[in-house]
Amino acid sequence: MTDPSAPPRTKPANLIYDVDESPGPGALLMQGIQHIFIITIAFVFPVLIVDAIGGADHDARHLISMTMLISGIATILQGLNRGPVGSGYLCPMLNGPAFLSASILAGKAGGLPLIFGMTMIAGVFEAFFSRVAVKMRAFFPAEVTGTIVTMVGIEVIPFAMKRFVGIDAVHASPDLTESVIALATLLAMIGFTVWGKGKIRLYAVLFGMLIGYALSFFLGVLGADELRHFGDSPWLSWPAPGSYGLSFSTALIVPFVVAALSSALKTMGDLTTCQKINDAGWKRPDMKSISRGILASSCGNILSGLGGALGQSPSSSNIGLSIATGATSRTIAYATGGILIALAFLPKAAAIFVIMPTPVMGASLVFAVSFMVIAGIQIMVSRMIDARKTFVIGTSIVFGLSVDFIPGLYAGLPAAVKPFFQSSLSLATLSAIVLNLFMRIGIARTATLELAPGVDSSDKVFAFMQKQGGLWGAMPDVIARASNAINETLEAAEYSSAAEGPLHVAVTFDEFNLDVEITYRGAPMIIPDREPSEDEVMASSAGMAKLSLFFIHQNADKVESHVKNGLCRLRLHYTH
């Protein structure tokens, strides 16, 4: 069911199942399995943290087991579209890199209990942040959210490409065999997506992975150690939530709050993508949905702390997968979450995903990331781009990429702020927000224009509006509508000879509205609510004026006309 408070959506042509549609049970199961394959790639992070803090193998197994359980619950919460929790979108949750550095700091200082305690604190902070996020739309215009979404995809590229060419814990350099497997897997996914008939596209990633698994087995990449791991895994096991306990440290509050803020900003970018791919007429982020989504993420982090798992964030790769397959139904979130919860109790079934060959992992990520990067670019160019927006976007991406291009560049920074500089996404996000605020200095929010009927042409109107629209970062379609309305008013004034002098135009803009006020001395121009007949239009210039004024009525979201002391005012409102 659709949330009645949400804005109406138009289903994009490239989607097979949009957020409000549900596949059948079989398709739901298969879609859920595809998403599980992507999610399990993140199981590398529990292993990395346990290795970094000198933990034991059973600690890693515990973290993976609890991650499955909590990620499953958080994914279901994220998909809810009723009540205060949940964005209502297919946005699977996992333990991503946002909390990696802070968790290693806590683990070295106090072991797993301190990681869990501070993760819970981060979740509480994220919950508070979710309550104010709905008021922060002005801080996240298209150039900022588009940059975040683009960097969400770009951040995964180093991780994806290393695995694509076979670089992992065993191979320190590219491996030709694994590269061939990755290429074959990727080409299979692309082939099923581009040329697949009917609903075959839904399972493009799953079919590609099956081919990758088969090639890995026959070429020896999926070898005896992996098969032994599968064979040794028990069929049934009971997770032990809270078995490690909790501890806290005031010295680690800042790193974990910074990590939570980075995660919340990433959530904003991911959910903006979810909104855009589900609405062909998307114009702006729905901050109420995003606020509920951040609250769902915070619930996942609080549960992670209480249960004994790592910090939760949305999976950008899974969003990319949903774009690629054309299936974004929220019921897939429920299926994915349910399968994850089941896997926490079924280690042998979970082992199928845990032993995923490195090249299959890399091909899947490259496939999904391609869609994420393009989604971000589309958001950025949904607004008019001028020099100010260019610097916000370009400079943020440059600084973000510096993290990956020059490892260790920010190693000397204080520990309190280092989480912002340890990933390309967090640094690009910070840069975009700060630069957006800085670049707003000196931008006039109201601009004026004087037009003389019979003298000035539409070119003057369009040039003025294009310039202001670029400075404000307004939507091109809104600027075009307002330009047409001003031009029609100018023509109506000429046809009717209503104006005794020039028309004074004042255009006011904020992030939510564009308002045009046209004032002049003379006779009022009455806005008709019906289109004049062809005979009326052809009979006189008054009929032409009436047609122009009718177009204004059709053009704007709201029209008001007033006369006072011989001064006529025409007000046009456009929702931005």
So which residues in the range 77-124 are in a helix (DSSP H, G or I), of a type in the set (Gly, Ala, Ser) and surrounded by fewer than 24 Cβ atoms within 10 Å (Cβ to Cβ)?
101, 107, 109, 110, 111, 117
Here are the criteria: (1) surrounded by 23 or more Cβ atoms within 10 Å (Cβ to Cβ); (2) closer than 30 Å to residue 118 by Cα; (3) within 27 Å of the chain's Cα centre (by Cα). Tell me which single one residue 343 does not satisfy.
(3)
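Being of a type in the set (S, T, N, Q) and in contact (Cβ under 8 Å) with a residue 24 or more places away in the chain is the filter; apply it to the range 437-482 and report the residue that is nearest to residue 504 (Cα to Cα).
Looking at the filtered set, the residue picked out is 448.
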Checked 480, 542, 474 against criteria (assigned to a helix (DSSP H, G or I) and closer than 23 Å to residue 385 by Cβ); the one match is 480
Condition (residue is of a type outside the set (Ser, Thr, Tyr) and within 23 Å of residue 274 (Cα to Cα)) applied to the range 401-409: is it met by at least one residue?
no
Pick out the one residue from 518, 486 that is surrounded by 20 or more Cβ atoms within 10 Å (Cβ to Cβ) and in a helix (DSSP H, G or I).
486
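Got a sec? Which of 247, 237 is polar (S, T, N, Q) and closer than 19 Å to residue 64 by Cα?
Details: 247 fails: closer than 19 Å to residue 64 by Cα.
Of 247, 237, the one residue that is polar (S, T, N, Q) and closer than 19 Å to residue 64 by Cα is 237.
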Members of the range 261-299 found to be at pLDDT below 85, among the aliphatic types (A, V, I, L, M) and more than 13 Å from the chain's Cα centre (by Cα), listed by number:
261, 280
Using beta carbons and a limit of 7 Å, which pairs, at least six apart or on different chains, have the first residue in the range 544-564 and in the same structural domain as residue 529 (by TED's automatic domain parsing) and at pLDDT below 80 and the second one in a loop (DSSP other than H, G, I, E, B) and of a type in the set (D, E, K, R)?
553/529
Cβ contacts < 8 Å: first residue small (Gly, Ala, Ser), restricted to the range 383-402; second residue surrounded by fewer than 16 Cβ atoms within 10 Å (Cβ to Cβ), any location; separation 6+ or different chain. Result?
402/409
Pairs please, first residue from the range 57-79 and assigned by TED's automatic domain parsing to the domain that holds residue 333, second anywhere and surrounded by 23 or more Cβ atoms within 10 Å (Cβ to Cβ) and of a type in the set (D, E, K, R), Cβ atoms under 6 Å, 6+ apart in sequence or on different chains.
79/330
Which of the residues belonging to the range 194-242 are among the basic types (Lys, Arg), exposed (fewer than 11 other Cβ atoms within 10 Å of the Cβ) and touching a residue at least 24 places away in the same chain (Cβ under 8 Å)?
none
Consider only pairs whose beta carbons are under 6 Å apart and that are at least six residues apart or on different chains; among these, list those whose first residue lies in the range 13-34 and is at pLDDT 85 or above and whose second residue is of a type in the set (A, V, I, L, M).
17/327; 28/335; 31/327; 31/332; 32/335; 32/339
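The values are calculated or read from the model by the stated rules, or taken from the named source; none is laboratory data. Nothing here was measured: the structure is a model prediction, and the numbers come from that model. Methodologically, a virtual Cβ is constructed for each residue, glycine included, from the backbone with ideal geometry; neighbour enumeration extends over all protein chains shown.
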